[in-house]
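For reference, the structure discussed in these notes is given below.
The values are calculated or read from the model by the stated rules, or taken from the named source; none is laboratory data. None of the values given here were measured: they were computed from a predicted structure. Heads up, the Cβs are rebuilt from the backbone with ideal geometry, glycines too, and the neighbour counts pull from every protein chain shown.
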2 protein chains.
Amino acid sequence: MEISIGQYEMVANFFSLTIAAMGAATAFLWINRSQVADQYKTAVTVSGLVTFIALYHYWRIYASWDEAYQIVDGVLVATGKSFNDAYRYVDWLLTVPLLLVELILVMRLTASETVKKSIRLGGLAAIMIVLGYPGEIAEAAGTRWLWWSLSMIPFLWIVYELYFGLKGAQDAQPEAAKSLVGKARFLVVASWAFYPVVFLFPMLGLDGPTANTFVQIGYSIADIVAKAVFGIVIFAIAVKKTQADRGAA
Amino acid sequence: MEISIGQYEMVANFFSLTIAAMGAATAFLWINRSQVADQYKTAVTVSGLVTFIALYHYWRIYASWDEAYQIVDGVLVATGKSFNDAYRYVDWLLTVPLLLVELILVMRLTASETVKKSIRLGGLAAIMIVLGYPGEIAEAAGTRWLWWSLSMIPFLWIVYELYFGLKGAQDAQPEAAKSLVGKARFLVVASWAFYPVVFLFPMLGLDGPTANTFVQIGYSIADIVAKAVFGIVIFAIAVKKTQADRGAA
């Protein structure tokens, strides 16, 4: 069963929206980097890196989607070039560890804690993504479920670490930044919860093209929240902490 | 024997990953350049130059790979345009001398030592790459071995100089930077050791397409480590030395 023209165009429009959002977030973060104190600049730089890498990949994703179909006499025809889902996973492999690093960096833990947490959470994130990919490209529901379940182990571990492991670090934040850091922790968990749900769409009884449309749009929205919106929150935390540090000095 | 669709796509995905990694490293290095003291800024700028040049070449490499094959009715067909391996060698000709220069620059030797070492190591690197190319494009294993062996002479000379010649310079580094400089020297030697091994893949009894897939993926990973990861380590050294200089002042 083929995807309809309406579905095809809607997905293309969502990809384009994501390109615009990622590009805008990158420019915002890098230009505004000078507004925060030196010790928070790296966190803001890395936030912009995440959206920059995503911008690149959505550019490729859009081009791949564009090349996978053609409209001939008002009918959508597959060109034979398949849509490359791998761009998304390569993107996550780079950006998901980095966005955990932004959160850790903006908290200003001790140097050794920063390195330890970055390596552990970044490593778990990489494992989670590598385990998800074989399921994503599988046709059989059983195979999808298998890899989904395996990938959920590091996923839940990360969520647990972020939610409970960083609780102590949040309490040590300056008063002005405390509630924003809490929001950032919540935003990671909430936006991340989206991904395994989107992954399941093809197994929820939706027909193929409809499920695929939901998957593409779902991941696009999740990426905008988890990368662009999250990056802006990290920037806002860096601004609050800069003000708090200056007030204390 | 032709390459399979799976191999073709895997290589394309690795090229794309390398583009993203090089672009991200370039942005990171150039934006964060303001974080280090003036005397280390050139080292960080050059580190970003190396990844920027690599970004350009991987863009060309990706496009050349894309144009060399077409998928027609689910079958991979060579288009007649051959994949251009020369981009890689032109890239190395520019970036390998430069990445030796980053390491020398961040060490802050005397001006005359800096120039002398840059010319000698940079020159040897250029000779090494020029000698490798005729072997890379040769079909006959005998020709590959011949140029590989010739290329190994400057290669081993550089590795020897880096490992033993820079030992004294490492001991003269500030305490805080000493272990990182040691890691950088080790990273050069370890990541460089990858290249001659990858070069040998076609001579190790692998069939043509499998060997070619390994060669392309192997060089991509080696380039990410030797350029992007190495550049971040050079930046970290510059930050440590900036802090040490400020502490001493």
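Observations on the structure shown:
- Given (1) under 22 Å from A:Ala236 (Cβ atoms); (2) modelled with pLDDT of 95 or more, number of the condition A:Phe14 does not satisfy: (1)
- Filter result for the condition that a residue is touching a residue at least 60 places away in the same chain (Cβ under 8 Å) and either aromatic (Phe, Trp, Tyr) or outside any helix (DSSP H, G or I) (or both), over B:Tyr62, B:Tyr87, B:Tyr40, B:Tyr56: B:Tyr40
This table checks each residue for (1) at pLDDT 90 or above; (2) among the hydrophobic types (A, V, I, L, M, F, W, C).
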{"position": "B:Leu206", "(1), (2)": "no, yes"}
{"position": "B:Ala228", "(1), (2)": "yes, yes"}
{"position": "B:Gly231", "(1), (2)": "yes, no"}
{"position": "B:Ala238", "(1), (2)": "yes, yes"}
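- Among residues of the stretch A:212-249, those that are without any contact (Cβ under 8 Å) to a residue 12 or more places away in the chain and crowded, with 17+ Cβ neighbours inside 10 Å, counted: 0
- Checklist (1) in a helix (DSSP H, G or I); (2) without any contact (Cβ under 8 Å) to a residue 24 or more places away in the chain; (3) under 18 Å from B:Gly208 (Cα atoms) applied to B:Leu146, failing item: (3)
- Residue satisfying condition, being modelled with pLDDT of 80 or more, part of a helix (DSSP H, G or I), of a type in the set (A, V, I, L, M) and surrounded by 15 or more Cβ atoms within 10 Å (Cβ to Cβ), within set B:Ala190, B:Ala184: B:Ala184
- So A:Ala169, is it modelled with pLDDT under 85, part of a helix (DSSP H, G or I), within 20 Å of A:Leu124 (Cβ to Cβ) and among the small types (Gly, Ala, Ser): yes
- Any hit, the stretch A:241-249, residues being small (Gly, Ala, Ser) and not in a helix (DSSP H, G or I): yes
- Yes/no for A:Leu76 being more than 12 Å from chain B (Cβ to nearest Cβ), in contact with a strand residue (DSSP E or B) (Cβ under 8 Å, 6 or more places away or on another chain) and surrounded by 15 or more Cβ atoms within 10 Å (Cβ to Cβ): yes
- Taking the criterion of being out of contact with any Lys or Arg (no Cβ under 8 Å at 6 or more places or on another chain) and of a type in the set (A, V, I, L, M), the residues of the stretch B:41-71 that qualify are B:Ala43, B:Val46, B:Leu49, B:Ile53, B:Leu55, B:Ala63.
- Apart from one condition, A:Leu93 fits all of (1) at pLDDT 90 or above; (2) touching an Asp or Glu at 6+ places or on another chain (Cβ under 8 Å); (3) of a type in the set (A, V, I, L, M, F, W, C); the exception is (2).
- Of the residues contained in the stretch A:221-236, one or more are found to be part of a helix (DSSP H, G or I) and of a type in the set (D, E, K, R).
- With respect to the conditions (1) outside any loop (DSSP other than H, G, I, E, B); (2) crowded, with 18+ Cβ neighbours inside 10 Å; (3) within 14 Å of chain B (Cβ to nearest Cβ); (4) of a type outside the set (Lys, Arg), A:Leu121 lacks only one, and its number is (3).
- Single residue of the stretch A:79-99 satisfying the filter (surrounded by 21 or more Cβ atoms within 10 Å (Cβ to Cβ) and touching a Lys or Arg at 6+ places or on another chain (Cβ under 8 Å)) that is farthest from A:Val159 (Cα to Cα): A:Tyr87
- Scan of the stretch A:61-73 for residues that are more than 12 Å from chain B (Cβ to nearest Cβ) and among the charged types (D, E, K, R), ordered by number: A:Asp66, A:Asp73
- Failed item, numbered, when A:Glu139 is tested on (1) acidic (Asp, Glu); (2) more than 19 Å from A:Phe15 (Cα to Cα); (3) in contact (Cβ under 8 Å) with a residue 12 or more places away in the chain: (3)
- Residue in the stretch A:100-117 that is assigned to a helix (DSSP H, G or I) and either touching a His at 6+ places or on another chain (Cβ under 6 Å) or among the aromatic types (Phe, Trp, Tyr) (or both) present: no
- Of residues in the stretch B:1-60 being farther than 22 Å from A:Ala63 by Cα, polar (S, T, N, Q) and facing chain A (nearest Cβ under 9 Å), the one surrounded by the most Cβ atoms within 10 Å (Cβ to Cβ): B:Asn32
- Any hit, the stretch B:120-142, residues being under 26 Å from B:Val181 (Cβ atoms) and among the basic types (Lys, Arg): yes
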